[in-house]
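One structure below.
The values are calculated or read from the model by the stated rules, or taken from the named source; none is laboratory data. Treat the numbers as computed from the prediction; the structure is a model and nothing was measured. When we count neighbours, we look across all protein chains shown, and the Cβ atoms used for this are built from the backbone with ideal geometry, even at glycine.
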Amino acid sequence: MAVTEEPGKPRNWSERIGVLQDRIYDKVFHNYVWQSIFRSGYPNTPRNQMLVVATNVFLHLHPTRIHRTHVKITHTYCLGGLTFFMFLILTVTGVLLMFYYVPDVNRAYQDIAALETNVKFGLLMRNIHRWTAHAMVILVFLHMMRVFYTGAYKPPREFNWVVGVILLVLTLVLSFTGYLLPWDQLALWAVTVGHGIGGSAPYFGDETQLVVFGGYEVGPNTLIRFYTLHVIALPLLAAIFMAVHFWRIRRDGGMARPL
Amino acid sequence: MAVEAQRAAGPAAPARPRPKREREEEVLVWPDLVFVEFIAAVLFTITFTILSVFINAPLLNRANPVVTPNPSKAPWYFLNLQELLLHMDKAWAGVLLPTIALGFFAVIPYLDRSREAQGIWFGTKYSVRLTVIAAIYAVVVSFGLVVFDAGDRNLTPEFMPTVRTEMLTRWIPSCPEGTDHVGFPCLKDEAGSPHLGITNTKDISKRLEFSVPFPKVFGNPTSDGELDWPRDLGHIPVPFNNVDCCYGSLHLWKGMYLNIPDIIANQVIPLVTIVFLALLIIYILFRLGWVRTKRDIFIIMFTAVLASYLTLSLVGSFFRGQGQALIPPWEIKVDEGAGELHPP
């Protein structure tokens, strides 16, 4: 057996640096403040890896362990998670866009034009917002197809599928309400087509136009209505349904498995 | 190791590994899943940032309610509804059919309650085949119906200069001008234009005319002893419409009247067509023996709905020009209207 040396004075420079590194690591990660924030240690042991998932509010949407087949990328293609991630990007860029935008028919278009030219990274933020919005609609459809073709809507997950269908509708409506906000010709006439479709509802056509679009034609009322729906009402509603959606995944026993 | 040792010992020892326990099939979420999610998020962030650097979101002229771009189009995910509006009653196209489709999606798990074939892609025996066939069928049928309903349009002028679906019904004679009552079915043509067959389903309620002998009901003085299509059937009062009763005047049907030719052309024919074509493919695949479970039927229906949704979106995006005319993608020109050319 090799004789273990007593920890004593470092003999050369490399040992001195090693000791220094240990001390710094100790100071940073084992101090009172750090440990008040992160309860578990560095996730390099199975115990800490499970603890870090279980004790972190963002990660605890996951279980601590998961079946081997569900980690395979071809099982889900991350579609649901990516849809949620698009929602997060849209929230962040949307908040930034709100700083420069007033939902008034006399200002809206100029605000967008100024955002593109006068605001640093304004154009980039608007582009990201636009393209991720389209991506979210596509991803939501793909996610629904994944769930359908893997038979993941089957008992006991029936209700979560219904929540998913509601989220699909919310995504479409969110995208549609955002379409009007630049107040350019594309926005106005696309929403006018939607206004006509809403007005074709049997028996409640006029009421639909009045309640949803705020009038018998697309105008200032529609803009403020769509803005309010787009920035607060619908995202809030979507967030609530997402919370139910994610919660139910865990409650219904994680992702669907072959019997 | 033990199994290998047994295997090495000889064929007498059956080399069957014991079934793995559930726990052994599991991996830790950190790092195995969190890592994948992180990579996916990073890839998407980078992709969309690069995309947004190079491709700008569209911003046209300031909105102007008096200048209508031609064609004006809904966002792409609603273009299919806009496309349906061209072919049938607007209430069905814009509201009822999409509601039925979403309702159908929502009730799938309550109708298909078997627990089999879950958690794996295409779990039933013939599901891949059914999915592919249903998708191709829906794409071909949707596109075919769109072309058929634009009977006086020809999508391929270079190759087939004269093939139009309107020719199938061109044998129906042109209506003689100046007469109201005709016996044999005829098609009203615009003055000076060549005779056309039925160009789309709406023509059945607008251009097609015929009369059948009909007894004078209740001695109605306006009756001429003949029932004329579509003139005599276009304004049938609805029962209980504008009835004075109980709490004043009842506007139960908002003063609407029944337009039988319009209902036939814009509601009955399109809806019967949809239902018939859906049942047809299910029946054919059933007779072929490929539809075994309820889930197979739902696979066909779900696939067909999504595929026709996509097809109609693509038709609306790439095949609809000015006045929503059906034209090839390379001929689409958008008329921005006569408004100001530059943003204010």
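So in segment A:149-159, with the set limited to residues that are under 14 Å from B:Arg113 (Cα atoms) and not in a loop (DSSP other than H, G, I, E, B), which one is farthest from the other protein chains (Cβ to nearest Cβ)? Full working, then the answer.
Step one: list which residues in segment A:149-159 are under 14 Å from B:Arg113 (Cα atoms), which gives A:151-159.
Now narrow it down to the ones that are not in a loop (DSSP other than H, G, I, E, B): A:158-159.
Working: A:Glu158: 4, A:Phe159: 8 Å.
Within segment A:149-159, the match that is farthest from the other protein chains (Cβ to nearest Cβ) is A:Phe159.
For the condition over 23 Å from B:Val36 (Cα atoms) and crowded, with 19+ Cβ neighbours inside 10 Å, what is the one hit in A:Ala114, A:Ala108, A:Ala133? Working first, answer last.
Values: A:Ala114 fails: crowded, with 19+ Cβ neighbours inside 10 Å; A:Ala133 fails: over 23 Å from B:Val36 (Cα atoms).
Only one candidate qualifies: A:Ala108.
Of everything in segment A:42-58 that's at the interface with chain B (Cβ under 7 Å from one of its Cβ atoms) and surrounded by 16 or more Cβ atoms within 10 Å (Cβ to Cβ), which residue is farthest from B:Ile120 (Cα to Cα)?
Keep residues of segment A:42-58 that are at the interface with chain B (Cβ under 7 Å from one of its Cβ atoms), which gives A:43, A:46, A:49-50, A:52-53.
With surrounded by 16 or more Cβ atoms within 10 Å (Cβ to Cβ) added as a condition, the list becomes A:43, A:49-50, A:52-53.
Working: A:Pro43: 31, A:Gln49: 28, A:Met50: 27, A:Val52: 30, A:Val53: 26 Å.
Within segment A:42-58, the match that is farthest from B:Ile120 (Cα to Cα) is A:Pro43.
In segment B:82-110, which residue that is within 10 Å of chain A (Cβ to nearest Cβ) and under 22 Å from B:Phe318 (Cα atoms) is nearest to the chain's Cα centre (by Cα)?
Ranking the candidates gives B:Leu84 first.
The conditions are (1) of a type outside the set (Gly, Ala, Ser); (2) free of Cβ contacts under 8 Å to residues at least 60 places away in the same chain; (3) assigned to a helix (DSSP H, G or I), and B:Val139 fails exactly one of them. Which is it?
(2)
What are the pairs, 6+ residues apart or on separate chains, where a residue within segment A:189-217 that is assigned by TED's automatic domain parsing to the domain that holds A:Gly178 has its Cβ under 6 Å from a residue that is modelled with pLDDT under 95 and charged (D, E, K, R)?
Cβ pairs passing all conditions: A:Ser200/B:Lys90.
Looking only at segment A:160-188, which residues are free of Cβ contacts under 8 Å to residues at least 60 places away in the same chain, more than 21 Å from the chain's Cα centre (by Cα) and either more than 7 Å from chain B (Cβ to nearest Cβ) or not in a helix (DSSP H, G or I) (or both)? Working first, answer last.
So the first thing to find is which residues in segment A:160-188 are free of Cβ contacts under 8 Å to residues at least 60 places away in the same chain, and the list is A:161-162, A:165, A:168-169, A:172, A:175-180, A:185-188.
So of that shortlist, the ones also more than 21 Å from the chain's Cα centre (by Cα) come out as A:180, A:185-188.
Correct list: A:Leu180 only.
Could you identify the single residue in A:Gly199, A:Gly254, A:Gly214 that is in contact with a Ser or Thr (Cβ under 8 Å, 6 or more places away or on another chain), modelled with pLDDT under 95 and either charged (D, E, K, R) or surrounded by fewer than 21 Cβ atoms within 10 Å (Cβ to Cβ) (or both)?
Of A:Gly199, A:Gly254, A:Gly214, the one residue that is in contact with a Ser or Thr (Cβ under 8 Å, 6 or more places away or on another chain), modelled with pLDDT under 95 and either charged (D, E, K, R) or surrounded by fewer than 21 Cβ atoms within 10 Å (Cβ to Cβ) (or both) is A:Gly214.
Sort out which residues of segment B:87-101 are more than 17 Å from A:His195 (Cβ to Cβ) and in contact (Cβ under 8 Å) with a residue 12 or more places away in the chain, and write them in order of number.
Let us first name the residues in segment B:87-101 that are more than 17 Å from A:His195 (Cβ to Cβ), namely B:87-89, B:92, B:96-97, B:99-101.
Selection gives B:His87, B:Met88, B:Asp89, B:Trp92, B:Leu97, B:Ala101.
Sort out for me the helices (runs of 4 or more DSSP H) sitting completely within segment A:31-119 that have 3 or more residues that are at pLDDT 95 or above. Working first, answer last.
Values: elements: A:32-37, A:46-55, A:68-71, A:73-76, A:79-98, A:108-117.
Correct list: A:79-98, A:108-117.
Return yes when A:Thr192 is at the interface with another protein chain (Cβ under 9 Å from one of its Cβ atoms), of a type in the set (S, T, N, Q) and not in a loop (DSSP other than H, G, I, E, B) and no when it is not.
Answer is yes for this residue.
Here is a list of conditions, (1) among the small types (Gly, Ala, Ser); (2) facing chain A (nearest Cβ under 9 Å); (3) part of a helix (DSSP H, G or I), and B:Ser114 meets all of them except one; can you say which number that is?
All conditions are met except number (3).
For every residue, the table says whether it meets (1) surrounded by fewer than 18 Cβ atoms within 10 Å (Cβ to Cβ); (2) modelled with pLDDT under 95; (3) assigned by TED's automatic domain parsing to the domain that holds B:Ala307.
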residue	(1), (2), (3)
B:Phe35	yes, yes, no
B:Leu43	yes, no, no
B:Ile50	yes, no, no
B:Ile55	yes, no, no
B:Val66	yes, yes, no
B:Pro69	no, yes, no
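Working only within segment B:249-288, note down all residues that are in a loop (DSSP other than H, G, I, E, B) and at pLDDT below 95. If you could, list the steps in order and put the result at the bottom.
Just the residues of segment B:249-288 that are in a loop (DSSP other than H, G, I, E, B), to begin with: B:252-256, B:259, B:288.
Hits for segment B:249-288 are B:Leu252, B:Trp253, B:Lys254, B:Gly255, B:Met256, B:Asn259.
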